[in-house]
1. Semi-axes of the chain's equivalent ellipsoid from the Cα gyration tensor, sqrt of 5 times each eigenvalue, largest first, rounded to whole Å?
2. I'd like to compare 70-82, 86-98: which one has the highest average count of other Cβ atoms within 10 Å, and what's the full order after that?
3. Given the peptides 17-27, 105-115, arrange them by the average over their residues of other C-beta atoms within 10 Å, most packed first.
4. For the stretch 81-97, take each phi angle, set θ = phi - 60°, evaluate the Karplus expression 6.51 cos²θ - 1.76 cosθ + 1.60, and give the result in whole Hz per residue in order, putting x for glycine and proline.
5. For the stretch 14-24, what does the Karplus curve 6.51 cos²θ - 1.76 cosθ + 1.60, with θ = phi - 60°, yield as ³J(HN,Hα) per residue in whole Hz, taken in order and with x for Gly and Pro?
6. For the stretch 91-199, report the convex hull volume of the alpha-carbon atoms normalised per residue, in Å³, without decimals.
7. Compute the acute angle (0 to 90°) between the alpha-carbon long axis of helix 128-153 and the principal axis of greatest extent of the alpha-carbon atoms of the chain; round to the nearest 10°.
8. What number comes out for the charge environment of LEU79, summing +1 per Lys or Arg and -1 per Asp or Glu over other residues with Cβ under 12 Å away?
Amino acid sequence: MTLGDALGLTDAQERRLVRGLQLGLVALLGYGVVTFQFGISGTAGFALGITLLPAWLRREYGYSMDAGLVLWTTTAVILHTMGSLWFYDVYQWYDEIAHTVSASVIAGLGYAAFRAFELHTDEMNVPSTFRSVFIVVFVLAIGVVWEVLEFALGGAVVTVYGIDDIVTDFVFNAVGAVIVAIWGTGYVSELVEFFRRRLRSRPEN
């Protein structure tokens, strides 16, 4: 089962939703440029670039990502983009939702890479329980890197809200990771196979 099947949407519907979200990012990018608010334009441009990665993978490697996964990723980046503009300041729950969704995307990518490497080598035989633990630890580690980056930037690009906010971020990062560990690994099976093919194509040293 693909993520699209679980959502009850056709590929065409998912692609239309992705295009709509991308147009929203283009509008934010243009607004930031016209009003000389380059923080907005930079955030929107970076998010837009992430949403274009599936098209780049298709062009460069012939891998067509499941439309549901593309929608999942696009939703995560636009949630963070809108949050960094004003929603984080107005709604506490919005930050929690955004971190849960983005953490689930990171968890899916981390699991797919780990599982592909496991299948690629005969020297690894990892119990499913350890894979679940890996997903959570991986997401929390990425969260640490992100929080350090926020402090290093000193609020120039992203706003630093304080220790309480960091703790809340980690809690909901863990929630997103656990959701994927329990229910979501099957939805990235195609991505696992893509990573596995890429590992096979690398020359052996």
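Read-outs throughout are calculated quantities, based only on the coordinates presented, and are distinct from any laboratory measurement. Since the model is a prediction, treat every value here as computed from it, not as a measurement. Every residue, glycine among them, receives a Cβ derived from its backbone with ideal geometry; neighbour counts consider all protein chains shown.
1. Numbers: eigenvalues 170, 95, 54 Å².
Over the Cα atoms of the chain, the semi-axes work out to 29, 22, 16 Å.
2. On the way: 70-82: 22.3, 86-98: 14.5.
Descending packing order for the listed peptides: 70-82, 86-98.
3. 105-115, 17-27
4. 5, 5, x, 5, 7, 7, 5, 4, 6, 9, 10, 5, 5, 5, 4, 5, 5
5. 5, 5, 5, 5, 4, 4, x, 5, 5, 4, x
6. On the way: hull volume 12.6 nm³, N = 109.
For the stretch 91-199, the hull spanned by Cα atoms encloses 116 Å³ per residue.
7. Between the helix axis and the principal axis of the chain, the angle is about 30 degrees.
8. With Lys, Arg at +1 and Asp, Glu at -1, the neighbours total -2.
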